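In what follows, a structure is listed as structure tokens, so that the remarks can point back to it.
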């Protein structure tokens, strides 16, 4: 068994022996393994009707509730903010009519960013035919495709009837390319060398650290940003780390307390850091977010990886040589009732015509 197959089986088995809510508090889903001739990936299956289910399995939450939170966080002008929120709420009834919450998500590792597999036309056909046969009332969704890394996969899926729906603007740092460090990256490396905190490598994390990681993630992603983000628990971090699904790296203060950490996930030649947290109560001059990001960028360069830095903090990431790209979901719905397809078609058109310019303008 290859390492990739072993990791996939471990991931699916982890959710088989645990209640999803015990690992991710705001998520209910079924995690299964899909095996095709050219593709083995985790899938999640949702029946819909669960208000507030996390956006990693529920596009309705992502496009309505989470979009409102993002607008509040990143659009500074009150009048414009209120106008955008009013627009989002106006399309909410139509979004619910799409029934996108009853969906099968392909390659869903239950992170906000799931690096995509390479899919050719034959695999796209097998994927489409298998899932529409087994899940005839579900929309088929593959998240986290971007124009920089996944153009061939996007073309193959489109050729077999999938529609590409924009979701957000992301930032990518290509550690596979030789490039001079920007001024900000050099400053981050100097800060890393000068920090009084002790670097904690992956193998140095202990069971007592998992609760602290969950707390640091909560301080940043849930309390500072949005409770709609995945609410990862101590148990989730422990399971993912102990089973080799994520790699941890962090910083420990003189008193032994963890003050910042990053949880990295690698898939083929792509690196993501879906888990990141730091003690937001500590002095900003410590630069904890900068340090954790610098460690990940350093890892990407050392190992020739494409670092998908996800969305948000646009200026920060651009100043560290990350390039922007629009992220899409590939959606297949041709097997669904006409009424549902029409609702989805209208929403997808709105997202393309209005959503993409807004994503680029406000780096959402």
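The values are calculated or read from the model by the stated rules, or taken from the named source; none is laboratory data. Just so you know, these numbers come straight off a predicted model, no measurement behind them. Methodologically, a virtual Cβ is constructed for each residue, glycine included, from the backbone with ideal geometry; neighbour enumeration extends over all protein chains shown.
General remarks:
- Listed by position, the helices (runs of 4 or more DSSP H) inside the range 212-322 whose residues that are farther than 20 Å from residue 200 by Cα, in contact with a strand residue (DSSP E or B) (Cβ under 9 Å, 6 or more places away or on another chain) and touching a residue at least 40 places away in the same chain (Cβ under 8 Å) number at least 2 are 314-318.
- Among the residues of the range 280-297, those that are within 20 Å of residue 264 (Cα to Cα) and out of contact with any helix residue (DSSP H, G or I) (no Cβ under 6 Å at 6 or more places or on another chain) comprise 288, 289, 292, 293, 295, 296, 297.
- The number of residues in the range 37-73 that are touching a strand residue (DSSP E or B) at 6+ places or on another chain (Cβ under 7 Å) and assigned to a loop (DSSP other than H, G, I, E, B) comes to 3.
- When 187, 116, 159 are checked against the criterion of being at pLDDT 95 or above and not assigned by TED's automatic domain parsing to the domain that holds residue 348, 187 stands alone in meeting it.
- Filtering the range 323-343 to residues that are touching a strand residue (DSSP E or B) at 6+ places or on another chain (Cβ under 7 Å) and surrounded by fewer than 17 Cβ atoms within 10 Å (Cβ to Cβ) leaves only 323.
- For the residues 75, 45, 104, the requirement of being within 22 Å of residue 225 (Cβ to Cβ) and touching a residue at least 60 places away in the same chain (Cβ under 8 Å) singles out 75.
- Residue 343 meets the conditions (1) modelled with pLDDT under 95; (2) in contact with a helix residue (DSSP H, G or I) (Cβ under 8 Å, 6 or more places away or on another chain) in every case but one. The failed one is (1).
- Any hit, the range 165-177, residues being farther than 20 Å from residue 308 by Cβ and in contact with a helix residue (DSSP H, G or I) (Cβ under 9 Å, 6 or more places away or on another chain): no
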